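Inspection log for the structure reproduced underneath, given as structure tokens.
The values are calculated or read from the model by the stated rules, or taken from the named source; none is laboratory data. All figures in this text were calculated on a predicted structure; none of them were measured in a lab. Methodologically, a virtual Cβ is constructed for each residue, glycine included, from the backbone with ideal geometry; neighbour enumeration extends over all protein chains shown.
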Amino acid sequence: MKLSLGPVLFYWNREKLLDFYAEMAEQPLDVIYLGETVCSKRRALGLDDWLGLARELGECSRAELVLSGLALVEAASELSSLKRLCDNGELLVEANDMGAVQLLRERKLPFVAGPALNLYNGHALAELIDCGLQRWVPPVECSGELIRNTLEQLDSLGLARPEVELFAYGHLPLAYSARCFTARAENRPKDDCQICCENFPEGIVLHSQEGEALFTLNGIQTMSAKVNNLLADYAQLATAGADLLRLSPRAEGMAGVVAAFDAVRCGALPPLAVEGCNGYWHGRPGMLRADEVML
Amino acid sequence: MQLVCPAGSLPALKAAVRQGADAVYVGFRDDTNARHFSGLNLDDKQLESGLQLIRQQGRQLYIAVNTYAQPDGWARWQRAVDQAAALGVDALIAADPGVLAYASRRHPSLNLHLSVQGSATNAAALALYQQRYGIRRAVLPRVLSLAQVRQVAEKSPVPIEVFAFGSLCIMAEGRCHLSSYLTGESPNLCGVCSPAKAVRWQEDADGLSSRLNGVLIDRYAKDEPAGYPTLCKGRFLVNGQRFHALEEPTSLNTLDLIPQLTAMGVSAVKIEGRQRSPAYVEQVTRVWRAALDAYALAPQSFSVQPQWRSALDSLSEGSQTTLGAYHRSWQ
């Protein structure tokens with residue numbers, strides 16, 4: 001089982017990002033995804049900076065480096081940036097919008113299909129394999145059973161399976177909007193947001209009126225408040241077809257997270273239960289934790 | 001611009017036709033469409049009789065098979081596509097690349113529209129669906145500003161349809177798992193959002209609470225009007241403040257934008273609400289028909305009539321409407 005580090009979904013300043021990747025370069029990671037996937041106004045690092053960072057990481061880490069594209073591509077300027085990203089000439093690209101799939105297909109470049117692409121069955125997967133998909137990160141709401149069935153459906157179509165990467169750890173990216181919820185919470189119009197998301201390195205927690213943590217506001221993205229964690233389910237992950245586990249960056253403690261997953265893949269017993277949630281994997285509401293609801 | 005109206009039942013379809021819809025869109029009675037609510041949608045007999053009326057009146061019938069197929073239910077999506085083709089519908093509205101591929105190969109003459117659930121918000125995405133599946137129209141998600149709709153329409157390889165009126169999805173359609181996070185059922189996979197079976201109302205001394213799978217979505221004082229607990233429209237706590245942190249209960253209404261949308265070359269406007277009553281369909285269709293006809297007759301002197309506005313306000317969530325993402329200030 002390989003371990004990957006997903007793109008940073010929050011907005012961190014340049015210094016924090018560079019410190020973070022310097023630390024991650026020393027971890028037992030097989031793949032590192034770079035780039036901004038949430039908001040085109042977040043420019044702590046531009047495309048050239050990301051490519052420069054990738055070259056530096058390439059020298060000090062054995063991880064494969066991948067460049068992730070924006071998930072919601074609306075403005076013509078965002079489409080132009082996406083074209084530049086696809087034309088980078090060095091790194092594999094993770095497509096998070098069908099527009100990116102089209103650009104990569106036109107260039108006859110292989111790609112990773114990120115979790116923001118709606119691929120839920122073998123026929124859809126087959127279509128994207130024909131476009132150049134070589135690794136599939138299923139939508140976060142997919143259960144282990146749906147993923148296994150999708151791959152079996154692909155087998156029945158006589159197609160080779162792509163690599164499969166599960167979103168195994170982190171706040172789940174659940175929704176994308178035109179509206180910036182961080183700016184709204186800060187009472188600012190989106191066009192004058194002053195990039196206020198920089199003040200919230202792990203987003204803003206949204207609670208119910210009873211104080212139950214429900215969601216995390218992260219700019220135009222809404223995430224789970226709970227951290228999805230599939231470490232206790234480790235034994236089932238490979239059986240369902242997973243080749244890689246994606247660990248999605250958090251503001252603190254990522255080295256420990258990588259170490260915990262690495263220990264289990266190297267033979268340590270997985271924990272019986274973990275904090276957070278894993279309901280989606282078990283075909284239940286995503287917010288649930290299997291051991292709590294006795295699955 | 002063509003007026004495309006919803007029908008979740010035969011009476012609603014008849015109402016839409018009566019009031020001048022150019023096209024009516026419907027779904028089959030299962031999870032192959034994004035309004036899979038109990039008691040909703042048309043059975044085979046109703047579909048046949050609806051289609052007969054549509055043909056007599058020279059209108060069009062579209063069928064939405066616009067959820068994402070699950071591998072173990074694939075045959076159901078295949079059958080829905082085959083059935084739509086056999087009926088001879090004027091368009092099949094779909095989102096799943098697998099479903100689109102099947103439809104375009106198996107029924108090459110079937111007219112395909114990309115559903116809003118396909119979540120295509122830029123010209124490159126539209127080009128993919130056009131080149132691979134020959135779609136002839138695409139419905140844009142309700143996340144684009146007017147300027148962005150213009151940019152997309154200019155570069156789009158296919159005619160564009162936009163949402164004109166109805167319940168407002170504040171997330172990009174097809175890109176929202178909030179409902180499945182709380183309830184296990186999502187628009188993409190199950191054709192539902194905030195499903196009725198997960199809703200609980202609770203009345204106590206302080207007022208009324210609405211819950212979704214146990215999670216408190218909103219709490220209303222005694223005299224406060226209460227709305228369906230669509231989870232993105234509840235009041236939540238953010239940084240200690242209680243407010244509609246995602247969106248107020250409100251509906252999209254774009255009567256004011258008819259001149260701009262026409263100028264951009266938008267080919268059709270869509271009314272949301274297959275889950276609404278025939279009376280809703282009747283009234284919204286009547287107002288929009290009147291507005292589009294008034295504009296076509298005298299574009300220079302077009303203005304939104306107060307009675308149109310009040311009729312639509314009374315049918316809107318929370319009795320209020322918004323231009324939504326079309327207007328930058330909403331974003």
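Return yes or no: is residue B:216 within 26 Å of residue A:192 (Cβ to Cβ), in a strand (DSSP E or B) and of a type in the set (A, V, I, L, M, F, W, C)? Here the answer is no, as residue B:216 does not meet what is asked. If you go through region B:306-331 and pick out every residue that is within 13 Å of residue A:190 (Cα to Cα) and facing another protein chain (nearest Cβ under 10 Å), you end up with 5. Of the listed requirements (1) within 14 Å of chain A (Cβ to nearest Cβ); (2) of a type outside the set (Val, Ile, Thr); (3) surrounded by fewer than 23 Cβ atoms within 10 Å (Cβ to Cβ); (4) in contact (Cβ under 8 Å) with a residue 60 or more places away in the chain, residue B:23 misses just one: (1). Scanning region A:89-111 for residues that are in contact with a strand residue (DSSP E or B) (Cβ under 6 Å, 6 or more places away or on another chain), without any contact (Cβ under 8 Å) to a residue 60 or more places away in the chain and not small (Gly, Ala, Ser) returns A:91, A:92, A:93, A:101, A:104, A:110, A:111.
Here is the figure for region A:92-117: residues that are surrounded by fewer than 24 Cβ atoms within 10 Å (Cβ to Cβ) and part of a loop (DSSP other than H, G, I, E, B) total 4.
Considering only residues that are in contact with a Gly (Cβ under 9 Å, 6 or more places away or on another chain), free of Cβ contacts under 8 Å to residues at least 24 places away in the same chain and surrounded by fewer than 24 Cβ atoms within 10 Å (Cβ to Cβ), which ones fall in region B:202-217? Hit for region B:202-217 is B:216, nothing else.
Would you check if residue B:292 is under 23 Å from residue B:37 (Cα atoms) and of a type in the set (A, V, I, L, M, F, W, C)? The answer is no for residue B:292. Per the conditions (1) closer than 26 Å to residue B:141 by Cα; (2) buried (at least 17 other Cβ atoms within 10 Å of the Cβ), the sole criterion not satisfied by residue B:293 is (2). Within the set B:156, B:210, B:194, the sole residue that is among the polar types (S, T, N, Q) and closer than 30 Å to residue B:263 by Cβ turns out to be B:156. So which of B:196, B:124, B:147 is more than 7 Å from every other protein chain (Cβ to nearest Cβ) and either among the β-branched types (Val, Ile, Thr) or more than 21 Å from residue B:29 (Cα to Cα) (or both)? Every option except B:147 fails the conditions.
Within region B:1-49, can you find the residues that are of a type in the set (Phe, Trp, Tyr) and over 17 Å from residue B:273 (Cβ atoms)?
Step one: filter region B:1-49 for residues of a type in the set (Phe, Trp, Tyr), giving B:25, B:28, B:37.
Passing the criteria: only B:28.
For region A:202-236: of the residues being surrounded by 16 or more Cβ atoms within 10 Å (Cβ to Cβ) and in a loop (DSSP other than H, G, I, E, B), which is nearest to the other protein chains (Cβ to nearest Cβ)? Among those residues, the one meeting the criterion is A:208. State yes or no: is residue B:101 at pLDDT 95 or above, out of contact with any Lys or Arg (no Cβ under 6 Å at 6 or more places or on another chain), within 15 Å of residue B:273 (Cβ to Cβ) and not aromatic (Phe, Trp, Tyr)? Here the answer is no, as residue B:101 does not meet what is asked. Within region A:178-187, does at least one residue satisfy the condition of being part of a strand (DSSP E or B), among the β-branched types (Val, Ile, Thr) and over 25 Å from residue B:184 (Cβ atoms)? Checked against the condition, which is being part of a strand (DSSP E or B), among the β-branched types (Val, Ile, Thr) and over 25 Å from residue B:184 (Cβ atoms), region A:178-187 yields no hits at all.
Only one of the listed residues (A:58, A:52, A:89) is out of contact with any Cys (no Cβ under 7 Å at 6 or more places or on another chain), farther than 30 Å from residue B:176 by Cα and assigned to a loop (DSSP other than H, G, I, E, B). That residue is A:89. Any residue at all in region B:80-97 that's touching a residue at least 24 places away in the same chain (Cβ under 8 Å), among the small types (Gly, Ala, Ser), within 30 Å of residue A:102 (Cα to Cα) and part of a loop (DSSP other than H, G, I, E, B)? Checked region B:80-97: at least one residue is touching a residue at least 24 places away in the same chain (Cβ under 8 Å), among the small types (Gly, Ala, Ser), within 30 Å of residue A:102 (Cα to Cα) and part of a loop (DSSP other than H, G, I, E, B). One residue stands out among those in region A:266-280 that are under 23 Å from residue A:8 (Cβ atoms) and not β-branched (Val, Ile, Thr): the one that is farthest from the other protein chains (Cβ to nearest Cβ), which is A:275. The residue that is modelled with the highest pLDDT, among those in region B:231-248 that are out of contact with any Leu (no Cβ under 9 Å at 6 or more places or on another chain) and under 30 Å from residue B:306 (Cβ atoms), is B:244. Looking for something crowded, with 24+ Cβ neighbours inside 10 Å, under 15 Å from the mean Cα position of the chain (by Cα) and assigned to a strand (DSSP E or B) - is there at least one such residue anywhere in region A:131-139? Yes, because at least one residue in region A:131-139 is crowded, with 24+ Cβ neighbours inside 10 Å, under 15 Å from the mean Cα position of the chain (by Cα) and assigned to a strand (DSSP E or B). For residues in region B:218-239 being crowded, with 21+ Cβ neighbours inside 10 Å and among the charged types (D, E, K, R), which is nearest to the chain's Cα centre (by Cα)? For region B:218-239, the residue satisfying everything is B:233. When you scan region B:262-274, do you find a residue that is of a type in the set (S, T, N, Q) and within 14 Å of chain A (Cβ to nearest Cβ), even just one? No - not one qualifying residue is present in region B:262-274. When region A:140-186 is limited to residues that are among the β-branched types (Val, Ile, Thr) and within 14 Å of the chain's Cα centre (by Cα), the one that is surrounded by the fewest Cβ atoms within 10 Å (Cβ to Cβ) turns out to be A:164. Taking region B:98-121 as the range and being within 28 Å of residue B:325 (Cα to Cα) and more than 12 Å from chain A (Cβ to nearest Cβ) as the test, the residues that pass are B:112, B:113, B:116. Screening residue A:128 with (1) under 20 Å from the mean Cα position of the chain (by Cα); (2) surrounded by fewer than 24 Cβ atoms within 10 Å (Cβ to Cβ); (3) not in a helix (DSSP H, G or I) gives one miss only, at (3).
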